[in-house]
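Step one of this worksheet: look at the structure below.
Values quoted throughout were computed directly from the atomic coordinates according to the rules given, and no laboratory measurement underlies them. Nothing here was measured: the structure is a model prediction, and the numbers come from that model. A quick note on method: Cβ atoms are made from the backbone with ideal geometry, for glycine too, and the neighbour counts reach across all protein chains shown.
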Amino acid sequence: MNEFEQWVEEATAAFAAAHAPADLENAKARFLGKAGRVTEHLKALGRLAPEEKKARGALINAAKQRIEAALAARRDALAQAELEKQLAGEALDVTLPGRRRGEGSLHPITRARMRIESIFRSMGFDVADGPEIETDWYSFTALNNPENHPARSMQDTFYVDVKDAEGHWLNLRPHTSPMQIRYAQAHARRHAGRGTMPDIRVIAPGRTYRVDSDATHSPMFHQVEGLWLGEQVSFKDLKAMYLDFIKAFFETDDVKLRFRPSYFPFTEPSAEIDIMFESGPLEGRWLEVSGSGQVHPQVVRNMGLDPERVIGFAFGSGIDRLAVLRYGMSDLRPFFDGDVRFLAQFA
Ligand code: PHE
């Protein structure tokens, strides 16, 4: 093998050993660069006699061309390999099964609320919704709970930094009872001037707020208000209706109900409603689930109705409390922690 063949062979081997473009450029420099072997020999031609220069020059150039060709071939090979690697990385396996989008579910409190609504609807109650930011009048005064009355401190209320037309701070409603007034007023207006008025039967579920936070109290919680007013509505109706509701909600007939005397400014007499299961995990314990009472005559007047003609009862139950009992929980806070692992159990 002559000298030139040797160069070509060495260069081709060096190019083949290069697996990255930078290595290839280094190998190229060793042969074709300014100080590369081929270049050095071309420079050295100047010292030769013209005849010899011509012959040797031709041989060097021929070798140079072959080295350049080998370089170009290797460049193409590397570029092709790079492209193939990229294509393989981006390959799509169209036979793989698709990814499912995670399906959400209703919050357990929402489910409890919907359950309550459908039970009361089946008993002929309307379902009403009302504002969570209330005026002082609806939250307290109209409910026979005048300014500076000590009963106002039964609830530690959140106030809103805005005043109403009478100059009173607005509040985050501490109970759903304002809806008794709002709904009855609208009902009275709708039937004004007619001889008779159909009974008012409504529930108003929703969010309520109090400055209160422990295992059984959350600053934001849910209540469902109930109101049944008519010409002959009595505590007996409340008892029968509420017991039916409890049986339907907990899906058991093994439950008793009792009224325990209490005080609310807007009802007279007033009572707490306790329930006791006669079987199951909660068996044998009285559990408080609701405030209730006969609507106070002053409240009936504030609704725009005549307490000599209409009478009835109201109740306010804790939706979260009912849900805690139904799902057998000891703490209501997980309902509001927003941990999907907890919530997914109800899906
Ligand atoms: N609003 C009362 C409370 O939040 C409950 C209640 C409602 C009591 C209706 C009597 C009648 O504690």
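Calculate, for E251 and S213, the FRET efficiency according to 1/(1 + (r/R0)^6) with r their C-beta to C-beta distance and R0 45 Å; round to the nearest 0.05. Intermediate values should be presented prior to the final figure.
Working: r = 31 Å, r/R0 = 0.69.
After rounding, the FRET efficiency stands at 0.90.
Take the chain, compute every pairwise Cα distance, and split them into 10 Å bins from 0; I just need the percent in each bin.
The calculated distribution, bin by bin, is 5, 18, 20, 12, 5, 3, 4, 5, 7, 8, 7, 4, 2, 0.
Need the C-alpha centroid separation for segment 68-145 versus segment 1-55, integer Å.
For segment 68-145 versus segment 1-55, the Cα centre distance is 64 Å.
Please enumerate, by chain and number, the lysines with C-alpha under 19 Å from the C-alpha of K236, excluding those fewer than 8 residues away in the same chain.
K247, K256
What is the Cα centroid distance between segment 246-266 and segment 176-213, reported in whole angstrom?
Here the answer is 21 Å between Cα centres.
Which angle between 0 and 90 degrees, to the nearest 10, do you get for helix 21-32 versus the longest principal axis of the chain when only C-alpha atoms count?
10
Hey, got a sec? Which GluC sites (Glu not before Pro) in segment 255-347 land in a DSSP loop and have at most 15 other Cβ atoms within 10 Å?
Loop-located and lightly packed - E278, E308.
Once you have the Cα-Cα distance between H107 and F158, take 0.36 nm times their residue separation minus that, and quote the gain in nm to one decimal.
Details: separation 51, 0.36 × 51 = 18.36 nm, distance 2.50 nm.
That works out to 15.9 nm of additional length.
Along Cα→Cβ, 7 Å out, is where each label goes; now give me the distance between the ones at H191 and D274 in nm to one decimal.
Label at H191, label at D274, 3.6 nm between them.
Averaging sequence separations of C-alpha pairs under 8 Å and six or more residues apart, then dividing by the length of the chain, give the relative contact order as a whole percent. Spell out each step's value before the answer.
Values: 513 pairs, mean separation 51.1, N = 347.
Reported as a whole number, the value is 15 percent.
Tilt of helix 3-17 relative to the longest C-alpha principal axis of the chain, in degrees (0 to 90, nearest 10)?
10
State, to one decimal in nm, how far the label point of L48 lies from the label point of A81, with both points 7 Å from Cα in the Cβ direction.
My value for the distance between the label points is 3.6 nm.
If R₀ is 25 angstrom, what is the calculated FRET efficiency for the pair A165 and D126, using the beta carbon separation as r and rounding to 0.05? Don't jump to the answer; show the numbers that get you there.
Working: r = 28 Å, r/R0 = 1.13.
The calculated FRET efficiency here is 0.30.
For the modelled label position 7 Å from the Cα of I133 along Cα-to-Cβ, which residues of segment 144-179 have backbone nitrogen atoms closer than 13 Å?
Residues passing the 13 Å test: 159-165, 169-173.
Using only Cα atoms and rounding to the nearest 10 degrees, what angle (0 to 90) does helix 108-122 make with the longest principal axis of the chain?
40
In nm, what is the difference between 0.36 nm times the number of residues separating W286 and Y263 and their Cα-Cα distance?
Details: separation 23, 0.36 × 23 = 8.28 nm, distance 1.90 nm.
Extending this stretch completely gives an extra 6.4 nm.
Rounded to whole Hz and in sequence order, give me ³J(HN,Hα) for segment 327-338 from the Karplus expression 6.51 cos²θ - 1.76 cosθ + 1.60, θ = phi - 60°, writing x for Gly and Pro.
8, x, 9, 10, 9, 8, 4, x, 4, 10, 7, x
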